[in-house]
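I have placed the structure first, in the form of structure tokens, so that the comments after it can refer back to it.
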Amino acid sequence: MGAISYIKARTSNFRNAIWHSNKFGYRVLRPLYASAHFTFSFLFNSAYRNKTIDYLKYRKHYHQFPNFTKANRYPDLFSICQRYFKDKEQVRILSFGCSTGEEVYSINEYLPEATIVGTDISEYNLKECNKKEKKKNISFIHSLSETYQQSKNFDAIFCLAVLQHNDNFNKDIPTATKYTFSQFEEQIITLDEKLKSGGLFFIDQTDFNFLETKLRNQYFPLEVRGNRKSNPRPLYNSKNIRISNEHNCFRVFLKK
């Protein structure tokens, strides 16, 4: 373990408290730590620097800055998709907010014949995507590109751990302000326009409930085991008020 990794491991709890605790001492340290963290990361971490530049460039279109991802992160949802489309040919799937591509390649493992499009707003993320193994059925496009704007008729859309904001995780914040229900609903409506009737909408790890949007009467939860799952994360209502510290919502919806 390198020196920096060792220091990070030893100070993890302390740094987490600075970011999230409302105790006076931590609140005093927060702006100083935030400034130091940003400066160090921007100067010495090329990935962070490039992602920051993307964020500043497209800020009004961002949902969140972090882009954590990993391979096969949602095996239960990928399995549901696999079973649902097992007898269908020419399946088209959209991975919205695909980050550096792990989700796209994971879906490909479950549906190797499907055409999968990954889209992200970060140019850095898309460059990382395109460094991966080239496959004829996989492509990556910028979410503000004309190609993406014109894309439609998907059989399934995955929107996982995208429509959220870190600040809404703070248990001492009763109202969502950095990312609101109107922003959430607007993005849901935009994605709905790209989904076929009879298609599946996969949505998980959000700050709000899909069934509170204007589209709730155009969808119904897919009747499948494992659709509903509890997550230890806050849930806000359509008025941006926190109603629970447990997010227990359906995650797969069938479009009528």
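Looking at LYS171, LYS136 in this structure, which one is free of Cβ contacts under 8 Å to residues at least 24 places away in the same chain and part of a loop (DSSP other than H, G, I, E, B)?
On the way: LYS171 fails: free of Cβ contacts under 8 Å to residues at least 24 places away in the same chain.
Within the list LYS171, LYS136, the selection yields LYS136.
Just to be sure, is GLU113 over 18 Å from VAL224 (Cβ atoms), surrounded by fewer than 19 Cβ atoms within 10 Å (Cβ to Cβ), of a type outside the set (S, T, N, Q) and at pLDDT below 95?
No: the conditions fail for GLU113.
Taking each residue of the stretch 222-242 that is over 14 Å from ASP76 (Cα atoms) and looking for partners that are of a type in the set (S, T, N, Q) and assigned to a loop (DSSP other than H, G, I, E, B) with beta-carbon atoms closer than 6 Å, six or more apart or interchain, yields PRO234/ASN245; ASN240/THR180.
Taking the stretch 243-256 as the range and being in contact (Cβ under 8 Å) with a residue 40 or more places away in the chain and farther than 27 Å from PHE78 by Cβ as the test, only ASN245 passes. Among the residues of the stretch 54-83, those identified as modelled with pLDDT under 70 and either among the acidic types (Asp, Glu) or surrounded by 12 or more Cβ atoms within 10 Å (Cβ to Cβ) (or both) are ASP54, TYR55, LYS57, TYR58, TYR62, PHE65. ALA161 falls short on exactly one of the conditions (1) loosely packed, with under 12 Cβ neighbours inside 10 Å; (2) closer than 23 Å to THR100 by Cα, and that condition is (1).
Would it be correct to say that ILE141 is outside any loop (DSSP other than H, G, I, E, B), surrounded by fewer than 20 Cβ atoms within 10 Å (Cβ to Cβ) and touching a Gly at 6+ places or on another chain (Cβ under 8 Å)? If you could, list the steps in order and put the result at the bottom.
Numbers: outside any loop (DSSP other than H, G, I, E, B): yes; surrounded by fewer than 20 Cβ atoms within 10 Å (Cβ to Cβ): yes; touching a Gly at 6+ places or on another chain (Cβ under 8 Å): yes.
Yes: the conditions hold for ILE141.
Candidates CYS98, CYS159: the one that is within 28 Å of TRP19 (Cα to Cα), part of a strand (DSSP E or B) and assigned by TED's automatic domain parsing to the domain that holds ARG251 is CYS159. When ALA161, ALA156, ALA176 are checked against the criterion of being under 15 Å from the mean Cα position of the chain (by Cα) and small (Gly, Ala, Ser), a single residue qualifies: ALA161.
Let's see how each residue does on (1) modelled with pLDDT of 95 or more; (2) crowded, with 16+ Cβ neighbours inside 10 Å; (3) on the phi > 0 side of the Ramachandran plot:
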{"position": "ASN166", "(1), (2), (3)": "no, no, no"}
{"position": "PHE169", "(1), (2), (3)": "no, no, no"}
{"position": "ASP172", "(1), (2), (3)": "no, no, no"}
{"position": "TYR179", "(1), (2), (3)": "no, yes, no"}
{"position": "PHE184", "(1), (2), (3)": "yes, yes, no"}
{"position": "LEU191", "(1), (2), (3)": "yes, yes, no"}
{"position": "SER197", "(1), (2), (3)": "yes, no, no"}
{"position": "ASP204", "(1), (2), (3)": "yes, yes, no"}
{"position": "PHE208", "(1), (2), (3)": "yes, yes, no"}
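For beta carbons closer than 6 Å, sequence separation of 6+ or different chains, a first residue in the stretch 201-218 that is β-branched (Val, Ile, Thr) and a second that is outside any loop (DSSP other than H, G, I, E, B), the qualifying pairs are ILE203/CYS159; ILE203/PHE210; THR213/GLU185; THR213/ILE188. Out of the stretch 174-194, which residues are part of a loop (DSSP other than H, G, I, E, B) and out of contact with any His (no Cβ under 7 Å at 6 or more places or on another chain)? Of everything in the stretch 174-194, those that are part of a loop (DSSP other than H, G, I, E, B) and out of contact with any His (no Cβ under 7 Å at 6 or more places or on another chain) turn out to be PRO174, ALA176, THR177, THR180, GLU193, LYS194. Quick check on the stretch 84-103. Is at least one of its residues surrounded by fewer than 17 Cβ atoms within 10 Å (Cβ to Cβ), closer than 20 Å to LYS194 by Cα and touching a residue at least 60 places away in the same chain (Cβ under 8 Å)? Within the stretch 84-103 (the criterion being surrounded by fewer than 17 Cβ atoms within 10 Å (Cβ to Cβ), closer than 20 Å to LYS194 by Cα and touching a residue at least 60 places away in the same chain (Cβ under 8 Å)), the answer is yes, since at least one residue qualifies.
Output the residues belonging to the stretch 106-130 that are within 20 Å of THR52 (Cβ to Cβ) and outside any strand (DSSP E or B). Correct list: ILE121, SER122, GLU123, TYR124, ASN125, LEU126, LYS127, GLU128, CYS129.
The values are calculated or read from the model by the stated rules, or taken from the named source; none is laboratory data. Values in this document were obtained by computation on a predicted structure and should not be read as measured data. Heads up, the Cβs are rebuilt from the backbone with ideal geometry, glycines too, and the neighbour counts pull from every protein chain shown.
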